[in-house]
Amino acid sequence: MTGAADGLLVSRDLSKRFGGLIAMDSLDMAVRPQEILGLIGPNGSGKTTFFNVVTGIYPTSGGVVEFDGKDITNFSPQAVYRAGIARTFQRSRLSLSLSVFDNVMVGNHMRLDQGLWFNLVARKDFKRQFEENFERARDLVKVFDPPLGNRMFEAVGTFPMIDRRRIEICRALISRPKLLLLDEPSAGMTHDETKALMDDILEIKGRLEDLTIIIIEHEMGVIERITDTCVVLNFGQKICEGPYREVAEDRLVQEAYLGIQ
Amino acid sequence: MFAVLLPGIGSAVAVTVYVILLLAVESQAAIAGLLVAGVIAVLAAARFGGMARIGRSFAERENAMNLVIILAVLAVTGFFYEDHFILLLMATVIIYVIACLGLNLQFGYAGVLNFAGAAFFGVGCYTAAVLTKNTAMPHLLILVAGGVMAAVIGSLLILPVLRTRSHYSAVVTIAFALLFKIFLEVNDTLGGPQGLPVDGMNVLGWEFNDDIEIGEDFEIAFYVNYIVVGLIVLALAFTFVRRLERSWVGLNLDALRLDETAAACFGLNITRWKITAFTLGNFLTGVAGALYAMMLGFIAPTNFTFGDSLILVSIILLGGIGNPWGLVVATTILIILPEKLQVIQEYRFLLFGAMVILILLFRPEGLLPRPLRTYLPGWRPK
């Protein structure tokens, strides 16, 4: 087991029960700084539950989450975000009726001045902050797709799925989190789109060296290509961890996926 | 530069003339004819791209167009300078728009559906009644006091509204609307069912409720006073709501309305922003109420029924949720139509109900759908 000292995000004995259903069972996990960790497992194995518990959407039923040396167990979603964890959602939760810029800026909440006076009266200062942030948002979006940077003020609902995923990742990245949680970014996309999106993620990872990523993914090609290490869950328990090649060889993992007796 | 303004000014002139005609004509057949002609003109304009061009005038030359609209209202006011009934209608429209701006802030932006709009309007009215009769508070301050009282009373509802989501918070406000009217009816200090008299507005010795006499036989109806003050308050409220929408605060409200969970995951304090929107909205509604009470000179619980709250909500649905200009259009239609077309006077609620159903079915975003947010009007990325 990885020692707690070298983990950016560490969970110890972390559990989540929904009534009688144990969605996550005493999970011990450590994510090393700057790595890309793949979280895999069959449907219902507790991957998204893990994200939801870490980000404070669900309260834990037991156990501890530490981030960057601090105990963040049962922090509110807001506090988790301020601590430096940002995420995307399985069913992309963008606001389709808002513009690209609006959506990205939601992710930048903690860096924006939220005072009423600043927003309503000090419009010159607001303009300055707006322009700075527009540049930042556009630069970030352009890393993913340059043409997208020219369409910052169009409604997200008019964009295809791959662009929505890109925008969602930008929303998570704009606040410069230390840890990015990607919940099935390839869901609903074609093979080629998935490949393009992974290129983007690797490109971003190349630019932001300090960034640590946990990615939930069903496409094993993606996992093989971009992860440094993998954790496999089944029925809420960790059944295996290690680099993808080792994990894929593991008998327990094969049983979990293929049902071999 | 001027070419962009032309469609906007042209339409403003056309609408002004149309409104004057509509208000001046008495024969029911002529009014019906005008209404049909108006609908056809709007549909035709929409069909041939005229609406888009008018929209561009408003979007690109905002300040100029705001001024044009104010001038248009003043022109109509000038035309009917001695007609009490029509000026009262106009002032009512202006005051209702202010109240609806408040509800729009709550529902259109933060998604808090408030079915007690008329109750908070009533709080403003009763505040004005009590303060004008019992204190020497300057009347402009009483407008503010009406707003503050509505916000304070509204804070009673904050806990139950926050603990419930969407439809359920609406039920909380419905309960409050009903309670409020019953409270007024049984409360003798507030006049009970008979209501209370209210002093007319008086600013620096200028009596708002006296007709303005110029020379020997030239008289201007006193409602013009209220139209002018109403326009000023409206302009302030409009600017306020606009700026709010075009700021990070407006973004926060949209984000939490559309997806509370996602918003929370990006640090938004849902409670703080819902309270902000609810309180500011009630404040605007209360200010409108205080002005209304001073204009009418007398208020009673029957002015603040649940039905009146429903009218406010239907104005927002009809106009375009989140679009302040939509409110102006919808309020004008909903207030003036039943007064002019007496056939529907008795069936006005039936008409409003039918309108809301039709809008929800065929144009769910309202007559004037809300455009995407522009933070700084006229701003272009470098």
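Only bridges whose two residues both fall in the protein assembly as shown count here: according to DSSP, what percent of them are antiparallel, nearest 5? Walk me through the numbers before you get to the answer.
Numbers: 27 of 43 bridges.
About 65 percent, rounded to the nearest 5.
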For B:353-364, A:41-52, ranked highest to lowest by mean beta-carbon neighbours within 10 Å, the order is A:41-52, B:353-364
Please report, in debye to the nearest 20, how large the charge dipole of the stretch A:142-203 is about its Cα centre when each Lys and Arg carries +1 at its beta carbon and each Asp and Glu carries -1 there. 300 debye
Once amide hydrogens are built 1.01 Å from N within the peptide plane, the residues lying 5 or more places from B:N209 or on another chain with amide H under 5 Å from its amide H are B:M201
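Determine, for each peptide in A:126-135, A:180-189, the mean count of other beta carbons within 10 angstrom over its residues, then list the peptides with the highest first.
Details: A:126-135: 15.9, A:180-189: 22.2.
So the peptides A:126-135, A:180-189, ranked by packing, come out A:180-189, A:126-135.
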Put +1 on the Cβ of each Lys and Arg and -1 on the Cβ of each Asp and Glu in the protein assembly as shown; which of A:L21, B:V68, A:I223 then has its Cα farthest toward the positive end of the dipole? A:I223
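For the stretch B:84-362, would you read off the P(r) tail past 31 Å as a percentage of all alpha carbon pairs?
Numbers: 9807 of 38781 pairs.
For the stretch B:84-362, the fraction of Cα-Cα distances above 31 Å is 25 percent.
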Please state the charge dipole magnitude for the protein assembly as shown, taken about the Cα centre, from unit charges on C-beta atoms (+1 on K and R, -1 on D and E), reported in debye and rounded to the nearest 20. 740 debye
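Given an 8 Å cut-off on Cα distances and at least 6 residues of separation, report the relative contact order of the stretch B:1-79 as a percent. The partial results should precede the final answer.
Details: 43 pairs, mean separation 45.0, N = 79.
Here the relative contact order equals 57 percent.
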Between A:G38 and residues 5 or more places away or on another chain, which pairs have amide H atoms under 5 Å apart, with H built 1.01 Å from N, and which residues are they? A:I215, A:D228, A:T229, A:C230, A:V231
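Over all residues in A:71-84, what is the mean tally of Cβ atoms on other chains that come within 10 Å of each residue's Cβ? Present the calculation step by step, with values, prior to reporting the outcome.
Numbers: counts 0, 0, 0, 0, 0, 4, 10, 8, 1, 3, 5, 2, 0, 0.
Mean shielding count: 2.
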What's the center-to-center distance, using Cα atoms, between the stretch A:166-228 and the stretch B:191-210 in Å? 66 Å
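Just checking the output field for B:241-250: average partner chain Cβ neighbours within 10 Å of each residue's Cβ? Show your work: numbers first, answer last.
Values: counts 1, 1, 5, 3, 0, 5, 10, 14, 7, 2.
Across the residues of B:241-250, the mean count of other-chain Cβ atoms within 10 Å is 5.
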Tell me, B:K274, A:K70 in order of fewest to most beta-carbon neighbours within 10 Å? A:K70, B:K274
Please name which of B:T285, B:M201, B:L140 has its Cα lying farthest along the dipole of the stretch B:84-362 towards the positive end, using unit charges on Cβ (Lys, Arg +1; Asp, Glu -1) and the Cα centre as origin. B:T285
Euclidean distance between Cα centres, the stretch B:23-50 to the stretch A:8-82, Å: 62 Å
Have a look at B:G322, B:G286, B:G49 and tell me which one the Gaussian network model of chain B (Cα, springs below 10 Å) gives the largest fluctuation. B:G49
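Could you list A:Y81, B:Y347, A:Y244 so that the one with the fewest beta carbons within 10 Å of its beta carbon is first and the one with the most is last?
On the way: A:Y81 25, B:Y347 12, A:Y244 18.
If I rank by nearby Cβ atoms, fewest first, I get B:Y347, A:Y244, A:Y81.
Between beta-carbons, use under 15 Å as the cut-off and find the net charge around B:L296, counting Lys and Arg +1, Asp and Glu -1.
Values: positive: B:K133; negative: B:D199, B:D308.
So the environment of B:L296 carries a net charge of -1.
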Euclidean distance of C-alpha centroids, the stretch B:312-382 and the stretch B:66-89, integer Å: 21 Å
Count the net charge of all other residues whose Cβ sits under 13 Å from the Cβ of A:I57, scoring Lys and Arg as +1 and Asp and Glu as -1. 0
Highest GNM mean-square fluctuation among B:L34, B:L296, B:L244, for chain B with Cα springs under 10 Å, belongs to B:L34
Work through the residues other than B:T332 whose Cβ is under 12 Å from its Cβ and net out their charges, Lys, Arg +1 and Asp, Glu -1. 0
For the protein assembly as shown, the spread of Cα positions along each principal axis, largest first, Å: 102, 59, 44
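In what sequence do A:C230, B:C125 fall when counting other Cβ within 10 Å, fewest first?
On the way: A:C230 27, B:C125 30.
Fewest-to-most Cβ neighbours within 10 Å comes out as A:C230, B:C125.
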Provide the percentage of antiparallel DSSP beta bridges, counting only those with both residues in chain A; round to the nearest 5. 55 percent
From the phi of every residue in the stretch B:349-359, what ³J(HN,Hα) in whole Hz does the Karplus formula 6.51 cos²θ - 1.76 cosθ + 1.60 yield, where θ is phi - 60° and glycine or proline is x? 5, 4, 5, 4, x, 4, 4, 4, 5, 4, 4
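Taking the mean number of other Cβ atoms within 10 Å as a proxy for protection, how do you rank A:168-179, B:105-116, B:309-320 from highest to lowest?
Output ranking for A:168-179, B:105-116, B:309-320: B:105-116, B:309-320, A:168-179.
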Once the dipole of the stretch B:40-98 is set up from charges on Cβ (+1 Lys and Arg, -1 Asp and Glu), the residue from the list B:A41, B:F79, B:I98 lying farthest towards its positive end is B:A41
Amide H within-cut-off set for B:G320, under 5 Å, with H built and near neighbours excluded: B:L367, B:L368
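Averaged across the residues of B:78-91, what count of C-beta atoms belonging to other chains lies within 10 Å of each residue's C-beta? Spell out each step's value before the answer.
On the way: counts 0, 0, 0, 0, 0, 0, 0, 0, 0, 0, 0, 0, 0, 0.
Taking all residues of B:78-91 together, the mean is 0.
FYI, it's all coordinate maths here, none of it is from the lab. Keep in mind that what you see is a predicted model, and the values were worked out from it rather than measured. Don't worry about glycine lacking a Cβ; one is built from the backbone with ideal geometry, like all the others, and counts go over all protein chains shown.
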